[in-house]
């Protein structure tokens, strides 16, 4: 029986149990991730990190969350009332919903019912995740726009541009997986990896997906929307209390979801890794074992997130956009053309390798020719500061220094003959205080 | 068919209830000690510069360009998915068609690149 049929037989109570379980799993994962991130980054920086609340400081993020709930909730005067109120909600809902199609395991029996460890198995499963991550952008943009403040607006714009730019590379890397699994359903993708994980077969896609998933979730080194040194806090600068907590929650849930999708598509989903999968005729791929493998693989991705944050400095925005548009997108495009060609050659007997090579070659040559034939936009030459000193903006050696400072030239008083501070100065100051008093009275 | 979407809807509703509950109780649980400076737009402690009503009015035009490029390539992606699902069934015909399609989009991509549409200044 296929996973979709199994899930269709679920009684209502079982579906509700699963919904609550996934909700709780995501919230607990968020709390755990915040603690883990702080601990690991602290260890990388030779300090202990949070270790007071609960064993190993595990309850630290729970305590922080509770503390946030009892903080003052602020709505700036310039904020748009309803959009400001709804933006955290809009960014939280898709974050939770996206996880619904991820298969956490195979067939199990819960209270005597045979079912799959998955909430929903749709024929368009992967598209649901992509759609939800696109919808999450609305929450970010609306929060920045409605705050009525420059920093959140800039952060929101950056974030939106970033997410949509990297979504293209992400989507294209998924196309390669779909080509090999013949299905967009997440459980079918896991089944297709029975013989070998796609990470080996489709390594370029895996690399593109992993890079773009970091960009997609606005995490270091691509955390430009919240670049503290430039934008204070990014799109959630004006948010406080539980509204801020919701943004934090959705960011971490998004990380968990894209890591789970990466596990599903490239690391064989809930299947046991190789030496273990052979144990006892595949007994470790049945029952509740898959849940363990799935969580471990997902935690590996999440650890990479933390590792990157502890290691790499933040990208500059133009470098970041260049990486997305000029590196990841062309690599994905060429890679798709390549594997489509290889597959067509392997699957149809009446196509010779020469024909495939010629077809692929014609496409590549056409693109290259077009690239070189098109005119480039001329670089603007004026308005640039002349650089000397090996590229550093130092003043030129033959710099003309004015003989007299402009102010002295204007007053005509030589520097040596300064007027002593006397009666006139006192009169001046009293007059100025009087005038300022008048001005303040007038304004009131 | 639509039945398989019901669990997703349930999760959606649960998430919505949770989020709405949180934002609704937030002002009542926390303290309320408002003052004028606290409610101003945050600008590192200086007086906020005067802004149009919401959103600060103007935004850099480069973001619109990125958005338009996104639509172009997102549509390309949407067409690639159905092809990828049934690539083997379509055979050589599908290969030629998708090669032409990718070449067309590649042309637009190369044009944008050479015109500097992908540069960020």
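Before we move on, is residue B:83 surrounded by fewer than 16 Cβ atoms within 10 Å (Cβ to Cβ), more than 7 Å from chain A (Cβ to nearest Cβ), assigned to a helix (DSSP H, G or I) and modelled with pLDDT of 80 or more?
Here the answer is no, as residue B:83 does not meet what is asked.
What is the one condition in (1) under 30 Å from residue B:35 (Cα atoms); (2) in contact (Cβ under 8 Å) with a residue 12 or more places away in the chain that residue A:81 does not satisfy?
Evaluating residue A:81 over (1) under 30 Å from residue B:35 (Cα atoms); (2) in contact (Cβ under 8 Å) with a residue 12 or more places away in the chain leaves (2) as the failure.
For the range B:22-39, how many residues meet the condition of being exposed (fewer than 12 other Cβ atoms within 10 Å of the Cβ), over 19 Å from residue A:79 (Cβ atoms) and either more than 7 Å from chain A (Cβ to nearest Cβ) or in contact with a helix residue (DSSP H, G or I) (Cβ under 8 Å, 6 or more places away or on another chain) (or both)?
Here the count works out to 0.
Does the range B:50-69 include one or more residues that are surrounded by 19 or more Cβ atoms within 10 Å (Cβ to Cβ), modelled with pLDDT of 75 or more and within 8 Å of chain A (Cβ to nearest Cβ)?
yes
Could you look through the range A:131-150, keep only residues that are under 20 Å from residue A:262 (Cα atoms) and buried (at least 22 other Cβ atoms within 10 Å of the Cβ), and pick out the one that is nearest to the other protein chains (Cβ to nearest Cβ)?
The extreme case among them is A:132.
Among the candidates A:68, A:58, single out the residue that is farther than 16 Å from residue B:19 by Cα and surrounded by 16 or more Cβ atoms within 10 Å (Cβ to Cβ).
None of the others qualify; the one that does is A:58.
Assuming residue A:77 fulfils every condition listed in (1) facing chain B (nearest Cβ under 10 Å); (2) over 24 Å from residue B:15 (Cβ atoms); (3) out of contact with any helix residue (DSSP H, G or I) (no Cβ under 6 Å at 6 or more places or on another chain) apart from one, which condition is it?
(3)
Restricting to the range A:90-121, count the residues that are within 12 Å of chain B (Cβ to nearest Cβ) and either surrounded by 22 or more Cβ atoms within 10 Å (Cβ to Cβ) or over 28 Å from residue A:17 (Cα atoms) (or both).
If we filter the range A:90-121 for residues that are within 12 Å of chain B (Cβ to nearest Cβ), which is where we start, we get A:90-102, A:115-116, A:118-121.
Filter again for either surrounded by 22 or more Cβ atoms within 10 Å (Cβ to Cβ) or over 28 Å from residue A:17 (Cα atoms) (or both), leaving A:90-102, A:116, A:118-121.
The number of residues fulfilling the criteria is 18.
How many of the residues making up the range B:86-120 are at pLDDT below 80, under 25 Å from the mean Cα position of the chain (by Cα) and more than 7 Å from chain A (Cβ to nearest Cβ)?
2
Given (1) surrounded by 22 or more Cβ atoms within 10 Å (Cβ to Cβ); (2) within 25 Å of residue A:186 (Cβ to Cβ); (3) away from chain B (no Cβ under 14 Å), identify the lone condition not met by residue A:35.
That leaves (2) as the condition not met.
Consider the range A:132-150. How many of its residues are more than 15 Å from the chain's Cα centre (by Cα) and part of a helix (DSSP H, G or I)?
6
Just checking: which of the helices (runs of 4 or more DSSP H) contained wholly in the range A:151-262 hold 1 or more residues that are more than 20 Å from the chain's Cα centre (by Cα), within 14 Å of another protein chain (Cβ to nearest Cβ) and crowded, with 24+ Cβ neighbours inside 10 Å?
Those helices (runs of 4 or more DSSP H) span A:186-192.
The values are calculated or read from the model by the stated rules, or taken from the named source; none is laboratory data. Everything numeric in this text was worked out from a predicted model, so none of it was measured. Backbone-built Cβ (ideal geometry, glycine too); neighbour counts: all protein chains shown.
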